[in-house]
Amino acid sequence: MSSKKHDMDETPCDSTTAIYPGTFDPITNGHIDIIERALGLFDRVIIAIAINARKEPLFSLEERIDLITQCFEPENKRIKIDTTSGLIVDYAEKKGACAIVRGLRAVSDFDYEFQLALMNRKLARKVDTIFLMTGFRWIYISSSIIKDAAKHNGDISGLVPDHVEKALQNKYRTDAED
């Protein structure tokens, strides 16, 4: 038998906690669907707003935190909203989470997400990636598509929470006035 330490010998992660990372610019009903379903699998879900220097978000970090906070009951102790930069797998380890939750809409999502999951598994063997298929009614939406529709006065009602729809309308109204 090898003298190499096995994964089972490592300090266990918290099997009740999962990380759901994303830019959430803005949060959509598809994101909320994934969060609610993840809460059926885990006792606690940390919504990790990823700070990505390569992306220019429409909403500031503070605005995104506020929009997400308004989606959930304030007394819901099972959801935590946080921010992170760097590798999500490092963040998951730091928080003691056993899983990273990712939503999939299409085969194109799977290819990219599968590559990320394999790299994360290489970097931290005790953190698994859990894929949840997006609910059928949300399969065609993304934050980018929502923003584009809102920018051109498209009807996004029912695709995002009401307060997010208003925030998008206000953001694009302000941009049009500048």
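Here, each number is a calculation from the coordinates, and none is a lab measurement. Predicted model, so just to flag it, every value in this text is computed and none were measured. Note that we place each Cβ from the backbone using ideal geometry, even for glycine, and neighbour counts take in every protein chain shown.
Some points to look at:
- 39, 159, 87 arranged by Cβ crowding within 10 Å, fewest neighbours leading: 87, 39, 159
- q = 0.18 Å⁻¹: log10 I(q)/I(0) that the Debye formula gives for the stretch 12-57, counting C-alpha atoms only: -0.59
- Proxy reagent accessibility, fewest Cβ within 10 Å first, across 151, 122: 122, 151
- Gaussian network model of the chain, Cα within-10 Å springs - most flexible of 145, 130, 51: 145
- Comparing 36, 93, 75 in a Gaussian network model of the chain, where Cα atoms under 10 Å apart are tied by springs, the biggest mean-square fluctuation is seen for 75.
- Descending Cα extents along the principal axes, the stretch 12-142, whole Å: 34, 34, 31
- In a simple Cβ point-charge model (Lys, Arg +1; Asp, Glu -1; nothing else charged), the chain has a dipole of about 580 debye relative to its Cα centre.
- Each residue in 102, 121, 54 was given a count of other beta-carbon atoms within 10 angstrom of its own, and listing them fewest first yields 54, 121, 102.
- Normalised alpha carbon radius of gyration of the stretch 96-177 [divisor 2.2 N^0.38 Å]: 1.43
- Toward the positive end of the charge dipole of the chain, with +1 on the Cβ of Lys and Arg and -1 on the Cβ of Asp and Glu, the farthest Cα among 114, 71, 19 is that of 114.
- Once the Cα-Cα distance is subtracted from the 0.36 nm per residue extended length, the residue 148 to residue 118 segment shows a gain of 7.6 nm.
- The stretch 12-142: Lys pairs at Cα distance under 22 angstrom, eight or more positions apart or on different chains: 9
- Evaluated at q = 0.13, 0.17, 0.18, 0.25 Å⁻¹, the base-10 log of the normalised Debye intensity for the stretch 63-137, with identical point scatterers placed on the Cα atoms, takes the values -0.50, -0.83, -0.91, -1.18.
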